[in-house]
Amino acid sequence: MGERGRLVTYNIRKGKGAAGRERQITALGRALESHKLDVVLCQEVFHTRTPGASQSALLAQALDMRAYYEPNKQRRIGHHGNATFTRLAVERLKNYDISTNRIERRGALYLKLQLGSRPLHILNVHLGLNERQRITQISRIETIIALSCASDDAVILAGDFNDWTRRLDSLITHGLAFQNAFAHLRRAESSTWHARRPLFNLDRVYVRNVTVRRTRRLNGHPWRDLSDHLPLWVELEI
């Protein structure tokens, strides 16, 4: 048997909740912690410029993990980006700017982890709203993977792909030789947006040289209120 781990990817909508008004970070952290995870990938994590605990720090405390956060979008009141949380040893960290214009800033947060005795490469991504943007961003991610990972290394590519047309799926599975961890489910069973009536499969988990043991879309209470996205949960083995 290889090394096993549990991972979640989740767009947390800056902690605003499904309605876009409420501050849900504390409740969100508690809900994630109950699943005893090894790695948590979050998108749209917000840091205010005013003094006080950042969202990544609050989530790290709730999860009892270390936070690795990098901003993508700078605003007058603060900035937001991707954050990866884990207790596993981190050998390398780098945030890649995959933006295609100056307005819509996007990033791919890369970590090389150690799962037991084995390396595990993880890319936490949030892609653009325009299809042409997303295709360009996947090409850039392919270059990142080629430069960072050996062909037989375990790699996870996950996050918010904003791909409601599913055009990217074949580019990633055929072009980059990944497996969609949720491909065995009907579309209605893997849709993640909107959390209160999920119609689109925007969030994905892709794996390469990794065995997917179990998958779940976390649905219902409390997830329908914590963000406009639903999280995806995966148990994996390398």
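Quick one: count up the residues across the range 189-214 that are open to solvent by 30 Å² or more (accessible area, probe 1.4 Å) and farther than 19 Å from Asn162 by Cα. Going through the range 189-214 one residue at a time, the tally reaches 6. Give the range 105-122 a look and list any residue that's open to solvent by 10 Å² or more (accessible area, probe 1.4 Å), closer than 30 Å to Gly2 by Cα and within 17 Å of the chain's Cα centre (by Cα), or say none. Matches in the range 105-122: Lys112 only.
A quick yes/no check of all residues on (1) assigned to a helix (DSSP H, G or I); (2) over 21 Å from Arg140 (Cβ atoms); (3) open to solvent by 70 Å² or more (accessible area, probe 1.4 Å); (4) modelled with pLDDT of 95 or more:
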| position | (1), (2), (3), (4) |
| --- | --- |
| Ala19 | no, yes, no, no |
| Leu59 | yes, yes, no, yes |
| Asn82 | no, no, no, yes |
| Phe85 | no, yes, no, yes |
| Ile103 | no, no, yes, no |
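Given the criteria in contact with a strand residue (DSSP E or B) (Cβ under 9 Å, 6 or more places away or on another chain) and either within 17 Å of Thr9 (Cα to Cα) or surrounded by fewer than 16 Cβ atoms within 10 Å (Cβ to Cβ) (or both), does Leu168 qualify? So Leu168 does not fit the description; no. Just to verify a result, which residue in the range 36-57, among those that are polar (S, T, N, Q) and more than 14 Å from Ile12 (Cβ to Cβ), is surrounded by the most Cβ atoms within 10 Å (Cβ to Cβ)? Checked the range 36-57; the qualifying residue surrounded by the most Cβ atoms within 10 Å (Cβ to Cβ) is Thr48.
The values are calculated or read from the model by the stated rules, or taken from the named source; none is laboratory data. Note that the structure is predicted; figures quoted are calculated from it, not measured. Neighbour counts run over all protein chains shown; Cβ positions are idealised from the backbone, glycine included. Each accessible area value is taken on the protein alone, full model and side chains, heavy atoms only, with ligands, DNA and RNA left out. Shrake-Rupley method; radii C 1.70, N 1.55, O 1.52, S 1.80 Å.
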